[in-house]
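In what follows, a single structure is set out as structure tokens and then discussed.
Read-outs: derived from the displayed coordinates by stated rules, not from any lab. Bear in mind that the values here come from a model prediction, so they are computed numbers and not experimental data. With ideal geometry, Cβ positions are generated from the backbone for all residues, glycine too; neighbour counts draw on all protein chains shown.
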């Protein structure tokens, strides 16, 4: 099965696909183009959905809103960032970094007091830094090796336990026989006091463990949001969803297993 993920070569997404043994791997320049490729039937996708330091990945959440795709698996990858450059640290005049990487490494960047230019991926940061005089890039060890840029400061993430959760997206739901988690998208069609309380109560009354809840602008005007919920599978799941559907509009994004990532 073809897997589509974020390129160019050397991104954490690409590294994850290789470690999972995916073949062939198609690299796309943006998360939006990954969703478009999966929707067109070109393969499954692997996309980052949240980070332990920086939170939800907006492009992925927007893609789940815009495209009728399913989540079929999740994976967790420890993320370690490094500052790489062709010049010493005191000669760096600009640093290239992906916005999520910037947030995950904000403490170190504040110390360096060097302007940051955002890029579409960590690999893109390497490419830009290599062709810009007195520039650095924040990236993985593997990306530094691929693009032949020496690492000059290791482990510049704010938190040594920095981890990114990835999901596999597909046109069709996966078999949920091994599922441990489910995801839904709630798109409220009313705005009333107590709506969120009522929605969460559906799970609380059945003692279903909500593992994540996140809001995202619906793009339909100020103050209008959609909600992403992840919850642990239980015997009351179908009953809870039927009650939710009687309250508001929901879309089932899928029930899926966690896939271990080889070292």
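Here are the numbers:
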read-out: Residues in the range 179-207 that a label on residue 224 would reach, taking backbone N under 14 Å of a point 7 Å out along Cα→Cβ; value: 187-192
read-out: Anisotropy class of the range 181-256 from Cα gyration tensor, a/c 1.5 cut; value: prolate
read-out: Prolate/oblate/rounded call for the range 82-153, Cα gyration tensor, a/c under 1.5 rounded; value: rounded
read-out: Zone of residue 241's modelled label, taken as backbone nitrogen in the range 172-200 under 11 Å from a point 7 Å along Cα→Cβ; value: 173-174, 176, 182-185
read-out: Helix-only CD estimate at 222 nm, as mean residue ellipticity for the chain, using -39500 (n - 2.57) per DSSP H run (n ≥ 4); value: -8000 deg cm²/dmol
read-out: Computed over the range 1-127, Cα set: Rg, Dmax in Å; value: 15.6, 49
read-out: Rounded tilt (10° steps) of 195-204 against the dominant C-alpha axis of the chain; value: 80
read-out: Using a Förster distance of 30 Å, the FRET efficiency for residue 153-residue 2 (Cβ separation, nearest 0.05); value: 0.25
read-out: Using alpha-carbon coordinates, inclination of helix 122-131 to the longest axis of the chain, degrees; value: 20
read-out: Shape category assigned to the chain from the gyration tensor of Cα positions, a/c cut at 1.5; value: prolate
read-out: Separation between Cα centres of the range 1-61 and the range 165-221, rounded to whole Å; value: 22
read-out: DSSP beta bridges in the chain [antiparallel fraction, %, rounded to 5]; value: 75
